[in-house]
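The values are calculated or read from the model by the stated rules, or taken from the named source; none is laboratory data. Given the structure is predicted, the values throughout are model-derived calculations rather than measurements. When we count neighbours, we look across all protein chains shown, and the Cβ atoms used for this are built from the backbone with ideal geometry, even at glycine. Note: areas computed on protein heavy atoms with side chains; ligands, DNA, RNA excluded. Shrake-Rupley method; radii C 1.70, N 1.55, O 1.52, S 1.80 Å.
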Amino acid sequence: ANCWPNTLDTTAVEVSRGDAFVITGDIPALWLRDSTNQVLPFADLASEDGAIAALLEGLLRRQARSVLLDPYANAFNRNASTSTGQDHQGDVRTPPMQPAVFEGKWELDSLASFLRLGRAAWESNGGVPRGAFGSGSEWQRAVASVLDTLEEQQAGTVEEFGRESYLFLRGEGEAANGGRGAAAARCGLVKCAFRPSDDPTTFPFLVPANAYMSVELNHTSHMLDAVGNSALAARARRLGSEIRTALETHAVVSVPSTDGRIGDDERVFAYEVDGFGNRLLQDDANAPSLLALPLLGFVEQEDELYQATRRRALSRQNPFWFEGSALKGVGSPHTGPQRVWPLGLITQALTSDSDAEISQVLDQLVAAAAETGLMHESVSVTNTSDYTRSWFAWANGMFGTLIRKLAEERPWLVMRDMPAGVRMVGGDRASRSVGDIAK
């Protein structure tokens, strides 16, 4: 009950059909990725609720203007004249920082999240009018800017040397190689300097972000066809197809099987690659992740390649899998060893068909939220009162999504006295507090 409405209760600081500003929580800035994920849990209510519809349309318009201002930025201030005191105007980057930009890290999933928000608004059954997507709209112009940016970032390092579209320097956490990031070879994938955790990439082609983008480009192409912009639709479709083909070629690698049998290799998705044949084998709890590939729509949950990747992510073969006396799950280099992210636990539950696994995750989420009744960024695996970020709205909304999904599909896991195998009918939905979930 605390988690699901957290975005609406605490982070939507301005809402109209012309503009909506959604802060990430304890940082008073709008992240493209976070704000999209904060409102997605409510998108299916937009056709019935005018306030939700206004939030979707207003945020879409705000994000479109932000992308037009700087497609390489990940987070934005509410306006250009009032500093939050936490922004990063001292960063040295190409393109240069602007007062309206809170942080200028190039994260491919940020632009994918803008496209995802557009799809949610489009699918809102009239909640957001089609005029928001029409000829000359901010949305169409921003989509064109997205495609330009993707094409720029398909270039290899040597190919663009001396005329880079993006460079980033900031002491700790700066992109390597003079602000360019690690070397890349053109292969059809799109480079990015930073992960969704805001940490620098090790290799420039982040596989989950490219997968996310390929899916959303395909959906966006259908929307563009529907509003009569066939030229832009064709570009989006071509780019989406190029990225998917490149992922199949460069991101699928052979590794020893998770059961350790000699000579029994299996194929999995790498987390990052560079086009030269190098790859990074890990997963990170922050989404988009390899664990989240079915949720992104890139693969089916039953896909053999995905299942092998999932097993590896949820094992000690993932260097960011942590276990302790209180919790076990996927963490992130962003918060260091021995910390599990509730976002990762929620993703694990959303991609599981096992009642036992889901129940175990729910128990851990209850434990992780025991201190405040809300989700956090990360929690110690040995002490659940030791957490980072007391106010992290994206995780709260995603937890609400999980409970709503389980209430419809597996109500016996979240509702007392519900026999196993009995599903709710007639569109009924359940919302229970974190404490109520514990059996």
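Taking each residue of segment 328-353 that is touching a residue at least 60 places away in the same chain (Cβ under 8 Å) and looking for partners that are buried (at least 23 other Cβ atoms within 10 Å of the Cβ) and of a type in the set (Phe, Trp, Tyr) with beta-carbon atoms closer than 7 Å, six or more apart or interchain, yields Ser332/Phe320; Ser332/Trp341; Pro333/Phe320. Condition (residue is under 23 Å from the mean Cα position of the chain (by Cα) and more than 30 Å from Thr24 (Cβ to Cβ)) applied to segment 162-185: is it met by at least one residue? The answer is no, given that none of the residues of segment 162-185 is under 23 Å from the mean Cα position of the chain (by Cα) and more than 30 Å from Thr24 (Cβ to Cβ).
When Asp34, Asp87, Asp9 are checked against the criterion of being assigned to a loop (DSSP other than H, G, I, E, B), more than 19 Å from Asn125 (Cα to Cα) and acidic (Asp, Glu), Asp87 stands alone in meeting it. The set of residues from segment 86-110 being within 16 Å of Arg180 (Cβ to Cβ), surrounded by fewer than 21 Cβ atoms within 10 Å (Cβ to Cβ) and of a type outside the set (A, V, I, L, M, F, W, C) comprises Asp91, Thr94, Pro95. The residue list Leu247, Leu280, Leu206 contains one member that is in contact (Cβ under 8 Å) with a residue 60 or more places away in the chain and surrounded by 22 or more Cβ atoms within 10 Å (Cβ to Cβ), which is Leu206. When Ser197, Ser289, Ser221, Ser241 are screened for being out of contact with any strand residue (DSSP E or B) (no Cβ under 9 Å at 6 or more places or on another chain), outside any strand (DSSP E or B) and under 30 Å from Leu169 (Cα atoms), only Ser197 passes. Gly240 meets each of the listed conditions (1) over 17 Å from Leu150 (Cα atoms); (2) open to solvent by less than 70 Å² (accessible area, probe 1.4 Å) apart from (1). So, of the residues in segment 363-396 that are more than 22 Å from Phe21 (Cβ to Cβ) and of a type in the set (Ser, Thr, Tyr), which turns out to be nearest to the chain's Cα centre (by Cα)? The qualifying residue nearest to the chain's Cα centre (by Cα) is Ser378.
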